[in-house]
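Everything on this sheet refers to the single structure shown next.
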Amino acid sequence: MLVGVCDFPGSYAFPPAGYGGIERWLWAVAVGARAAGADVHLLGPGWLPDLEPEWVRKPVRLEDVTAGSPTERELKAAGYDLLVVGHEYPSLPAWVRTWSGLECDVATFQHSPLFQHAASAFDGKRSRLYCYSPEMIERYAAHQPLPELAVHLGLDVDEPQAAQGRDLVWLGRVDEEKAPHLAVRAAQLLGRRIRIVGPVFSEDYVRSHKKLFAADHVEWAGELGGPAKTAAIQEASVFVYTCARTYVEAGAAVFGESVRAGTPVAALTWRDGTCARAALCHRTGVTTVVPPEADDETAAQALAEAIERAADLDHNEVQAIGQQRFDPARHFEAMAALSC
């Protein structure tokens, strides 16, 4: 089977060192495809030029290909069975024109809860959309989405053996949508230290909760990538997940990253059918659902209880389940199944 994994214009490299959700998902697909025995071409100029020599890089983007050109003929001659691409591309006419002539399948994962696809983008067979959670499946029902948990990988990042860990960790972008202040307050209620890992996207948000964020039990680690990011998760006793009441998580990398490292998750959600519910089971984490009309203090108290329960889970079992559930080869095989 020949698989093309397509890059796209962006600010992150392919694969990125730390953040960049779709970029890291595409890398996981490439790694998983190769592990599953497929031949893989990395399509587009964004892929790092110094990857291992066995990676085949072809710096072409389908949307830039001219009809009847030598590049188009070369793409057709390659005989691709499947292209994997960011979720916008099956709705981009220039990309679709080139793909339509290749007689291969296309698969993508919905990484945004807001993007509107063209009505003809997916048929559920040759062109397939995959969604993480029941909430996202319902949101994109018109496009016949298939359920699947996304896997994300960094470059040369292998999770060490699970450890019991200490303190708490929260990871993500620091802004209103991700609501880390709730994790900080929950940690405070428990008398636990918490490490905040990630870039500050909103200084106004941090200032609005400055008393909490400046408390002695809070450590600011900033944005981490590669092994340092993995270590920050692996060294924690519990990974704490939060989001704002109206925020829809499309395909969070953090759940897979945490359980693959052996760190159980305590997740605060505001409704059923979310990514947390899809990603976690009673042996890998605790998800608490709080009514959105509840105030922050009530939510933080519920999250604190979830943290206490998650802290009792066995880290080795969490890791064993996580590395099976979020295995790149399994993920690729699920998406490629209809192409065979």
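Just so it is clear, none of the values below were taken in a lab; they were calculated from the coordinates. Nothing here was measured: the structure is a model prediction, and the numbers come from that model. Note that we place each Cβ from the backbone using ideal geometry, even for glycine, and neighbour counts take in every protein chain shown.
Helical runs assigned H by DSSP (4 residues or longer) give the chain a calculated mean residue ellipticity at 222 nm of -9500 deg cm²/dmol, each run adding -39500 (n - 2.57) before division by the residue total. With contacts defined as alpha carbon pairs under 8 Å and 6 or more residues apart, what's the relative contact order of the range 82-241 in percent? RCO, the range 82-241: 20 percent. By the count of neighbouring beta-carbon atoms within 10 Å, fewest first, W170, W95, W55, W270 end up ordered W55, W270, W95, W170. Sorting 138-147, 22-31 by average packing, meaning the other beta carbons within 10 Å per residue, from highest down gives 22-31, 138-147.
With r defined as the distance between the Cβ atoms of R271 and R309 and R0 fixed at 22 Å, what FRET efficiency is calculated, to the nearest 0.05?
0.65
Our summary gives the chain a relative contact order of 18 percent, counting only alpha carbon pairs under 8 angstrom and 6 or more residues apart.
Sorting D296, D156 by the number of Cβ atoms found within 10 Å of their own Cβ, with the fewest placed first, yields D156, D296.
Grab the Cα-Cα distance for E74 and S11, subtract it from 0.36 nm times how many residues apart they are, and report the gain in nm with one decimal.
The E74-S11 span can extend by a further 19.9 nm.
Computed from label points 7 Å out along Cα-Cβ, the spacing between T66 and Q164 is 6.7 nm. Evaluating 6.51 cos²θ - 1.76 cosθ + 1.60 at θ = phi - 60° for every residue in the range 62-72, the Karplus couplings come out as 4, 5, 9, 7, 8, 4, x, 7, x, 5, 5 Hz, glycine and proline recorded as x. Remark on Y241: its backbone amide H falls under 5 Å from those of A266, A267, L268, a criterion applied only to residues 5 or more positions apart or on other chains, H modelled at 1.01 Å from N. Look at the Cα gyration tensor of the range 2-155: its axes a ≥ b ≥ c give a/c of at least 1.5 with a/b at or below b/c, and that counts as oblate. Need one word for the range 240-314: rounded, prolate or oblate. Basis is the Cα gyration tensor (sqrt eigenvalues a ≥ b ≥ c); a/c below 1.5 gives rounded, then a/b vs b/c decides. It is oblate, given that a/c is not under 1.5 and a/b is not larger than b/c.
The simple Förster model, with R0 at 30 Å and r as the Cβ-Cβ distance, assigns W220 and D50 a FRET efficiency of 0.40. The modelled label-to-label distance for the pair A118/R245, using points 7 Å beyond Cα in the direction of Cβ, is 3.9 nm.
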